[in-house]
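Structure first, commentary second.
The values are calculated or read from the model by the stated rules, or taken from the named source; none is laboratory data. As the structure is a computational prediction, the values presented were derived from the model and not from experiment. Here the Cβ is made from the backbone with ideal geometry for all residues, glycine too, and neighbour counts use every protein chain on show. We work out accessible area using only protein heavy atoms, side chains counted, and drop any ligands, DNA or RNA first. Shrake-Rupley method; radii C 1.70, N 1.55, O 1.52, S 1.80 Å.
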Amino acid sequence: SNYSLRTLISIPATAANVQPGGAFTSFDIGFFDATSRNYFIADRSNASVDIVSGSTLHVIGQAQGFAGQAATTSTSGADGVVAVTAGGFTTLYAGDGNSTLKVFNATNPSASTLLQSISTAGRFRVDEMAYSPTTHQVLAANNADSPAYATLFNAPGGGSPATIAVTPITVPGA
């Protein structure tokens, strides 16, 4: 194997963390934004998205206000994550356990601000995501709902509001 452990990154506990000792015990997915060189990880233990500097390997911010670790992963959050940096502005898109897409201004990671919370009208988490730089759209899945479906969001970034373009997007027989 060509891989080896180089360092451990400490994740600070937020006030929302109810784990013994503020432990980091539940997370979903991470996303590396090549432009900002920051790594964003959906942290259910802290009900946040942790922002880690790719150059210093330290947590430089936490976008807060998610459901946190709930009784099931279907209602926990933060979940899927995508970050887009363009024109000096970083927009963070993250799913939550209450079927919402949360949109943050993460240009200053130490003071990320919630811009929007958009309902996808489901019962469970908004999760897996993809971003198209060509169309400036985010596709996010409500994969715990039955039937599972996706929502396509117009995501212009730069502080402009995200809007729902198409929902629900379903796959027959899935």
Check your understanding: Given the residues 15, 63, 42, which is the only one that is in a loop (DSSP other than H, G, I, E, B) and either over 16 Å from residue 110 (Cβ atoms) or open to solvent by less than 20 Å² (accessible area, probe 1.4 Å) (or both)?
Key -> 15
Check your understanding: Does region 25-36 hold any residues that are in contact with a strand residue (DSSP E or B) (Cβ under 7 Å, 6 or more places away or on another chain) and either surrounded by fewer than 21 Cβ atoms within 10 Å (Cβ to Cβ) or modelled with pLDDT of 95 or more (or both), and which are they?
Key -> 27, 29, 30, 31, 32, 33, 35, 36
Study note, to complete from the structure: Scanning region 81-106 residue by residue, the ones that are at negative phi, small (Gly, Ala, Ser) and either modelled with pLDDT under 95 or open to solvent by 10 Å² or more (accessible area, probe 1.4 Å) (or both) total 1
Practice item. Specify the residue that is nearest to residue 171 (Cα to Cα); the eligible residues are those in region 107-130 that are part of a strand (DSSP E or B) and open to solvent by 60 Å² or more (accessible area, probe 1.4 Å). Key: 119
